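Quick notes on the structure that follows.
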Amino acid sequence: MAHPTPLDYAKTLRAAARALEQHHARIRDTKLEPGLGAQLQLGPLLRSTFSLAETLMDELTAMSTSTAFTNNTGSRQSLNTLASALASVTDAAAELGFAIGENAHPGKTQGNVPNPADNTVWKAVCDQALPRMEEHLHDAAHQIELASISCHYIAGGIELHSAPAQRQTGQAPASAAASPSPASTSSTARTR
C-alpha cells in the first residue's frame, strides 16, 4: 500500500473543512426551545462534534508521523495550526455541553399537590435559560468555523508548496483557492 503524499493530506483536510462547514451551518441554524426538545437537538450536535474532533486527531497523528510530510518546509507550522483547529473543535464540544447544562430541565416543585405556579415557574426558567444556551451555541458555531478556515489554510499551503514538484512530474497542480463545496455527509474520507 502506497504511503500518503502531502497532497493526499491536503485532499483529506479539504474534506474535513467541508464537513466542518456543514456542521457549522447545522449549529448556526439550530433554533432552541429549552426543555427536552433542546436536549434532543444538542445531543446529536455534540456527538457529531466529537466525531469531527476524532477525524482531526487522526489526521494530526498521520501527518505528524509521516516523513513525506514532516520533511517539508512549513510542516511544523501546519501541524501547529492543525492542533489549534483540533482545539477549536473541542472548545465547540465544550460550548455545546455548556448549552446542555444551561438547558431548562422539566420537573415538579416539591409537594404532592399540583401547583398552578409550576407553569409560571417553568416559563421563567425557560426565559432565563434560552439566552445563555444561545450564547453557547453561537460560540460553538464560531469555533467550528475557525477550525474549517484553518483546515482550508493548511491544505492551501500544502497545495502551493507541492505545485513545483507537480510541474516537475507533469501532474496538474491542485487549486489552492478552490471554493469549498458542501460535503454530502458529515464524515470525511480517510487517506490511510
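No value in this document is a laboratory result; all are computed from the given coordinates. Here the structure is a predicted model, which is why all the values come from computation and not from measurement.
If you scale each eigenvalue of the Cα gyration tensor by 5 and take the root, what three semi-axes come out for segment 5-136, rounded to whole angstrom and sorted largest first?
Values: eigenvalues 382, 28, 22 Å².
Equivalent-ellipsoid dimensions as semi-axes: 44, 12, 11 Å.
Which values of log₁₀ I(q)/I(0), to two decimal places, follow from the Debye formula for segment 1-81 at q = 0.27 Å⁻¹ with a uniform point scatterer at every Cα? So the normalised log intensities work out to -1.30.
If you take the Cα centroid of segment 116-153 and the Cα centroid of segment 1-66, the two points sit 19 Å apart.
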